[in-house]
Structure formats: C-alpha cells, structure tokens
Amino acid sequence: MLTDWRPIEKWNILNRELTEKLLGEESKQEIRLYQGAEHAIWEVTQGLSRLFPHRRKVLYFQYQDPFHDHAIFTLLRDGFEVISLPIDQIDDPKSWQDQIGKDTLMFLYSEDDPILGRRFNFEGVPEICDKNKAFAVKVSHHCHLQDEWLNAESPFAVDIKSFRSDLAVAHLGSKAKIGSAIAPFLEWEAVDVTPVIDDVQTDFDGFNKKVQGLEAAVPGGGQPLWKKGVPRLFDRAVLFWEDMDGHAIIDSLAFAMGWILQEPGYECRLETTSLSRWGGLRTMDWLKHQGMTAEQIRGTIVIHASVISDQLIKALDGSLKRVRELQGF
C-alpha cells in the first residue's frame, strides 16, 4: 500500500540540528539544507526577493558561474532589474563596486568555479553590501572545504556551500529571515548530512606538492591550464592537450587504473570539460566567455590531488599514447 504523504517537519528539524551543531544553540544565524548548490541559490534568491520587495536591483557577473543562471532568469521574469556585470571586469573592483547602492537587493557571486578550481577575489564585498543593507550572496563550490565554520561576515551575508551535487547548505546572516518555496516538501529522510558536519582534516600542503609536481612535467605534450599567479585551488591538477579529447583521456586512464567512472557531477577523481562527456552544445559556453578556447575546453582534464601517484602518472602517459594511436598518430 502506498501512503503518498510524508511529515514535512523533517527539513526544519535537520536545519535546527545543523545550526546548533555548527553555530551553537544561541546563534541568531541559521544553517539551511538544500538539494544541491543550484537549488540553494534559487531558494535563497527567491526568499530574499520576497523579503524586501521594494528593492528591485540585483547584480551578478554574467558567465562567472552557470549555477547562477536559473535564479537570475527567475528574477528577470519577476521583473527585477538585473545588472549583468561583464566577466572581463571581475578583477577590476573599482569598475563595479560603486554600483552596489541603497537600491540594491543583493549581489550574487561565487568565490570559485565548479570544476576547474579557479578562485575569484571578492574581498570587501560583504562590507560594501552591509553598508548599503544589501545582501551578499556568496557561492562556494570547494573553497569552504579548506576552512573551519565561522559566523557570517555580516547580518546581510548569505554563504552557500556545496558538498555534493545533491547536497548544499546556506549559512544565513541574522537579517536573512527568508521563507522557502519547495525545500520543506522534498524528501529528506534518506539524506546523509555527514559531509556537512564532519571536520575532515586534509593535508593540503601535500596536495599542493603533488599538483605542482604533475603540472610541472605534464606527459604527452600537455600543459597546465592555470599559469603561475592565477588564483586557484591546489586540490586538483588541471591539464589540457590541444590535440586530444579529455573524455577519451579520462576514460582510458580510468580503465588503466581499474576504476569505473561515475556520472558527470558525481565522479570525484577524474573529470573533463569535454562536451563528449557532458553533452549539449552550449554546456561549457561560460568557460568560453572566461577566455578558454574550444580546444582547451575539449582537451582539459581535472585530476584530484588525492589520487595523484607515480602509478597514476605512468598510467596517464600510457593512456595518452593509446588515445593518439586510436587517432591515427
């Protein structure tokens, strides 16, 4: 027999438990649980849009993060004035910070990208937003995994932190007393929140050495995507070959290592930006607008630092030779 109903209080119970565990029982801030970063961004921006409906201005950087798109399209449909800041101005704060004013509802931005580990410098944004009583909605895909839990930077700060493709939280500052459109009605009974509350100690210094070692001597004529001085995370090596497809490389490498590749978004050891793995025609257009060429997008692979070893480097070299043989070279 199907009982097509569930207790909707489960989401609130989990939120309360996470808040008490991570921030303390007396905190005026709140942790809320969502089913992935894109869900969290949409729920938060929709909640804020109803909190101060007289403020109609929203700022974000176009093509910075594809996770922004769904929320931004919804706000546009709702009649908000959305300011799409040019991505080429992201490293020039003076060109855009003055646009955050008293009429601004929120500034949506990400501190890193979802695949390649690039970091973006938004130092000072929470203070500017706080001064104007605008919400600073920050998305972290990976950066937060290297930091301990702290209080939100201001009452108007909202920090969205991703832990899996189907698990994210929003850390709401004390002024972000928002409602939720659909989260309470989703299935939460089987959701494992362990990644949110576990304090995993990772040897990031060791990761740094592994990544720099591999990127300094890329086999098979490859190159590191990130040049020296580019702000990035060192939990992953990012390499590309202009004459090969990244999907073919990681497929061959996984086979050589005895691994079965998980679906895109769930695989934690190897990934690529190649469209032959992700599908679609415009899936990686955001990377084009950030300056990557079509050849770089097709030929880029990402290797998590935890699996870099002499065995993997040897297997990578052999995989590159096999791919080139299949290409007729």
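Any idea which of Glu325, Glu295 is closer than 16 Å to Ile249 by Cα, without any contact (Cβ under 8 Å) to a residue 24 or more places away in the chain, in a helix (DSSP H, G or I) and not β-branched (Val, Ile, Thr)?
Numbers: Glu295 fails: without any contact (Cβ under 8 Å) to a residue 24 or more places away in the chain.
When all the criteria are applied, what remains is Glu325.
Per-residue answers, yes or no, for (1) modelled with pLDDT under 95; (2) among the polar types (S, T, N, Q):
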{"position": "Trp259", "(1), (2)": "no, no"}
{"position": "Gly265", "(1), (2)": "yes, no"}
{"position": "Ser274", "(1), (2)": "no, yes"}
{"position": "Leu281", "(1), (2)": "yes, no"}
{"position": "Asp285", "(1), (2)": "no, no"}
{"position": "Lys288", "(1), (2)": "no, no"}
{"position": "Glu295", "(1), (2)": "no, no"}
All but one of (1) open to solvent by 50 Å² or more (accessible area, probe 1.4 Å); (2) closer than 18 Å to Lys175 by Cα; (3) touching a helix residue (DSSP H, G or I) at 6+ places or on another chain (Cβ under 9 Å) hold for Val44, so report the exception by its number.
(1)
If you go through segment 272-298 one residue at a time, how many are closer than 15 Å to Met244 by Cβ, out of contact with any Ser or Thr (no Cβ under 7 Å at 6 or more places or on another chain) and buried (at least 18 other Cβ atoms within 10 Å of the Cβ)?
3
Identify the single condition in (1) farther than 24 Å from Tyr266 by Cα; (2) outside any loop (DSSP other than H, G, I, E, B); (3) under 19 Å from the mean Cα position of the chain (by Cα); (4) hydrophobic (A, V, I, L, M, F, W, C) that Ile128 does not satisfy, given that it satisfies every other one.
(3)
Criterion (open to solvent by 30 Å² or more (accessible area, probe 1.4 Å), touching a strand residue (DSSP E or B) at 6+ places or on another chain (Cβ under 6 Å) and not in a strand (DSSP E or B)) met by exactly one of Pro195, Pro155:
Pro195
Scan segment 311-328 for residues that are small (Gly, Ala, Ser) and closer than 16 Å to Ile301 by Cβ and jot them down.
Ala315, Gly318, Ser319
Considering only segment 279-289, I want to know if a residue exists there that is free of Cβ contacts under 8 Å to residues at least 40 places away in the same chain and more than 20 Å from Asp65 (Cβ to Cβ).
no
Test set (1) assigned to a loop (DSSP other than H, G, I, E, B); (2) open to solvent by 60 Å² or more (accessible area, probe 1.4 Å); (3) over 25 Å from Lys10 (Cβ atoms); (4) at pLDDT below 95 - Leu145 fails condition number
(1)
In segment 90-107, anything out of contact with any Leu (no Cβ under 7 Å at 6 or more places or on another chain) and open to solvent by less than 70 Å² (accessible area, probe 1.4 Å) is listed as Ile90, Pro93, Ser95, Gln97, Gly101
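Filter segment 14-41 for residues that are open to solvent by 60 Å² or more (accessible area, probe 1.4 Å) and either closer than 24 Å to Ser165 by Cβ or assigned to a loop (DSSP other than H, G, I, E, B) (or both) and give the result.
Glu17, Lys21, Glu25, Glu26, Lys28, Gln35, Glu38
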Of those in segment 219-268 that are among the aliphatic types (A, V, I, L, M), in a loop (DSSP other than H, G, I, E, B) and free of Cβ contacts under 8 Å to residues at least 60 places away in the same chain, the residue least open to solvent (accessible area, probe 1.4 Å) is Leu261
Which one of these is among the small types (Gly, Ala, Ser), without any contact (Cβ under 8 Å) to a residue 40 or more places away in the chain and part of a strand (DSSP E or B): Ala190, Ala168, Ala136?
Ala136
Here are Val82, Val58: which of them is more than 23 Å from Glu153 (Cα to Cα), assigned to a strand (DSSP E or B) and not small (Gly, Ala, Ser)?
Val82
Scan segment 13-36 and report the pairs whose first residue is in contact (Cβ under 8 Å) with a residue 40 or more places away in the chain and whose second residue is open to solvent by 70 Å² or more (accessible area, probe 1.4 Å) and not in a helix (DSSP H, G or I), with Cβ atoms within less than 8 Å and a gap of 6+ or a chain change.
Leu23/Asn151; Ser27/Asn151; Gln29/Asn151; Gly36/Arg164
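The values are calculated or read from the model by the stated rules, or taken from the named source; none is laboratory data. Predicted, not measured: the structure shown is a model, and the values here were computed from it. Counting neighbours? That spans all protein chains shown, and the Cβs are built from the backbone with ideal geometry, glycine included. When the accessible area is computed, the model is the full protein with side chains, heavy atoms only, and any ligands, DNA or RNA have been set aside. Shrake-Rupley method; radii C 1.70, N 1.55, O 1.52, S 1.80 Å.
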